[in-house]
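A short worksheet on the structure shown next.
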Amino acid sequence: MSTPENSPLAAVILAAGKGTRMKSRLAKVLHPVLGRPLLIRLLETLRTLHVQPQVVVVGYQGEEVQEVCRQFDPHITFAQQTEQRGSGHAAQMALPVLEDFSGRVLILSGDMPLLDAQLLSQLVETSQRGDEDLTLLSANSPQHRDFGRIVRDAQGRVERIQEAKDCSPQEYALTEVNLGAYCAKAQFLRQFLPRLEANNAQGEFYITDLVALARQNGLRVGALVTDKIECALGVNSRLDLATVSATLKERYLERLMLQGVSILDPTSTWIEDSVQIGPDCVIWPGTVLCGQTTIASGCQIGPNTQITDSQVGPDCQIAHSVLLQAQVEEGVKIGPFAYLRPGAKIGPQAKVGDFVEIKNSTIGRGAKVPHLSYIGDSSVGAGTNIGCGTITCNYDGRAKHRTIIGEKVFIGSNSSLVAPVQIGDGATTGAGAVVTRDVPPHSVVVGVPARPLPPKN
Ligand code: UD1
Ligand code: CA
């Protein structure tokens, strides 16, 4: 849903606060929820609404916040709030950017990652329909005791918002609360934001005081009362962060299950919503899937497996293993207890077994590295078998070197392949061989250092 072309919509996102209640060195809006920063989640939602301009008010750790926003969208505009003097003061900082803007402005907190596009569209529509100068989003919730209360007059019209800390006992008992998202005419903001005062318990300029100001000046104020309070929950503490992450995760796991993915134990499974999973995959308990990961159909993943920024082809089985920036083609068996590091490329039908580490290496079609091996900076040809305990010695203390192993090679158990070295197609190394020189195709080498097997006499 987007607003009609003829009524331009801007957004001001308040993200200058330190987020004291997070007790963190990191700015609150940069804390990840299900893998992506709080603020980015909100910007993603705004992107679907075609809002222009988008002004992010930054302050605490402003450089870092700007950098993260710019990476997401270079067209975002920033306003600086050098001293954190309240949400109203933060909104004032955005006014210069909106100088020539006529239309409506969404004012949102950067700490509301669950806000959805539909709810925001409804807020804008409410504002347009009633030709309101200021429209707020509220909900009836006796649970949210530290939210601002909506105070209505005898006719039931919104009169003002009272912050919990400033409430009288009667006001404190009110259950309609301010969710902290507003839609206002730009003209109204230009006129009234500069008139806010800081005479309240916290000595801050509250954006919420705009409501009373508007009413006192005979302007139109409205409220969209939503029953989707879970979409408007702000993150103030790490407890909220966990709650919001859980909500997002639940939603995504549900979607995956409806798309044909079996998730055997959703509560013990963590899947970020950037991860794509094909149908007929079975996700076992204790699985963690992160970042730009794709998993094709028919895979068995887990239990206890962590996959980050990796691509997995169809019909693979991966148990008790860790994959980071790895590529796995179809029908591969991995684990238990394998570690695939950046640049690991595993060919179709290959096997990477228990206690095997693979880094920056290609394993050919149908090749097997079944147990206790380190394969680094190497290529292993199709159909080759790497015996138990084999090590590619890629580092000589100064530089890394490559090991090239051909097709249908048989590497004996406990071989050490001292790079740079090449093993030709069809060659064999004996158990315990320390290979320091290239091995010609179809030959057999044994011993320490490895030498061609003497001809039988
Ligand atoms: C705010 C509302 C409250 C509402 C609640 C809903 C005010 C005064 N109160 O309270 O009525 O129920 O949200 O979640 O707005 N910020 C700045 N600069 C500042 C201060 C704050 O940029 O100087 C930003 C924060 O980064 C945050 C937003 O403004 O994104 C709201 O501030 P916060 O302190 O979280 O307000 P709440 O106490 O949650
Ligand atoms: Ca808040």
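The values are calculated or read from the model by the stated rules, or taken from the named source; none is laboratory data. Keep in mind it's a predicted model, so treat the numbers as computed, not measured. Please note: Cβ atoms are built from the backbone with ideal geometry, for glycine as well, and neighbour counts cover all protein chains shown. All accessible areas refer to the heavy atoms of the entire protein, side chains included, with ligands and DNA or RNA removed. Shrake-Rupley method; radii C 1.70, N 1.55, O 1.52, S 1.80 Å.
Looking at the stretch 162-173, can you tell me whether even one residue there is modelled with pLDDT of 95 or more, touching a Ser or Thr at 6+ places or on another chain (Cβ under 7 Å) and acidic (Asp, Glu)?
Scanning the stretch 162-173, I find at least one residue that is modelled with pLDDT of 95 or more, touching a Ser or Thr at 6+ places or on another chain (Cβ under 7 Å) and acidic (Asp, Glu), so the answer is yes.
Which condition breaks for ALA139 when tested against (1) surrounded by 13 or more Cβ atoms within 10 Å (Cβ to Cβ); (2) of a type outside the set (Val, Ile, Thr); (3) assigned to a loop (DSSP other than H, G, I, E, B)?
(3)
Return yes when ARG36 is open to solvent by less than 80 Å² (accessible area, probe 1.4 Å) and in contact (Cβ under 8 Å) with a residue 12 or more places away in the chain and no when it is not.
yes
Does any residue of the stretch 147-167 turn out to be in a helix (DSSP H, G or I), farther than 19 Å from LEU123 by Cα, touching a strand residue (DSSP E or B) at 6+ places or on another chain (Cβ under 8 Å) and open to solvent by 70 Å² or more (accessible area, probe 1.4 Å)?
no
Would you call ARG41 assigned to a helix (DSSP H, G or I) and outside the structural domain of GLN292 (by TED's automatic domain parsing)?
It is true that ARG41 is assigned to a helix (DSSP H, G or I) and outside the structural domain of GLN292 (by TED's automatic domain parsing).
Out of the residues in the stretch 39-54 that are open to solvent by 50 Å² or more (accessible area, probe 1.4 Å) and polar (S, T, N, Q), state the one that is farthest from ARG251 (Cα to Cα).
GLN52
Which residues, counting only those in the stretch 370-397, are over 37 Å from the mean Cα position of the chain (by Cα) and open to solvent by 10 Å² or more (accessible area, probe 1.4 Å)?
Passing the criteria: GLY383, ASN385, CYS388, GLY389, ASP396, GLY397.
Checking GLN84 against (1) under 27 Å from the mean Cα position of the chain (by Cα); (2) within 16 Å of ligand 2 (Cβ to nearest atom): exactly one of these is not met. Which one?
(1)
Take the residues of the stretch 7-17 that are within 12 Å of ligand 2 (Cβ to nearest atom) and open to solvent by 10 Å² or more (accessible area, probe 1.4 Å): which is modelled with the lowest pLDDT?
GLY17
Which pairs turn up if I take residues in the stretch 129-153 that are farther than 20 Å from LEU213 by Cα and in contact (Cβ under 8 Å) with a residue 60 or more places away in the chain and look for partners that are open to solvent by less than 30 Å² (accessible area, probe 1.4 Å) and part of a loop (DSSP other than H, G, I, E, B) with beta carbon separation below 7 Å, at least 6 apart in sequence or on another chain?
Hits for this filter: ALA139/THR226.
Name every residue in the stretch 229-268 that is basic (Lys, Arg), in contact (Cβ under 8 Å) with a residue 40 or more places away in the chain and open to solvent by 30 Å² or more (accessible area, probe 1.4 Å), in order of residue number.
ARG238
Do you know which residues across the stretch 55-64 are open to solvent by 10 Å² or more (accessible area, probe 1.4 Å) and within 16 Å of ligand 2 (Cβ to nearest atom)?
Of everything in the stretch 55-64, those that are open to solvent by 10 Å² or more (accessible area, probe 1.4 Å) and within 16 Å of ligand 2 (Cβ to nearest atom) turn out to be GLY59, TYR60.
Please specify each residue of the stretch 65-91 satisfying the condition of being assigned to a helix (DSSP H, G or I), near ligand 1 (Cβ under 10 Å from one of its atoms) and open to solvent by 40 Å² or more (accessible area, probe 1.4 Å).
SER87
Is it true that THR226 is under 27 Å from GLU125 (Cβ atoms) and either polar (S, T, N, Q) or open to solvent by less than 30 Å² (accessible area, probe 1.4 Å) (or both)?
yes
Checking the structure you have, find out if any residue of the stretch 211-219 is open to solvent by less than 10 Å² (accessible area, probe 1.4 Å) and in contact (Cβ under 8 Å) with a residue 12 or more places away in the chain.
Yes, the conditions are met somewhere in the stretch 211-219.
Yes or no, residue by residue, for (1) within 14 Å of ligand 1 (Cβ to nearest atom); (2) small (Gly, Ala, Ser):
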position: PRO96; (1), (2): no, no
position: LEU106; (1), (2): yes, no
position: ASP116; (1), (2): no, no
position: GLN122; (1), (2): no, no
position: THR126; (1), (2): no, no
position: ARG129; (1), (2): no, no
position: LEU134; (1), (2): yes, no
position: SER138; (1), (2): yes, yes
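Which of the residues belonging to the stretch 335-347 are under 15 Å from GLN311 (Cβ atoms) and crowded, with 19+ Cβ neighbours inside 10 Å?
LEU340, ALA344, ILE346, GLY347
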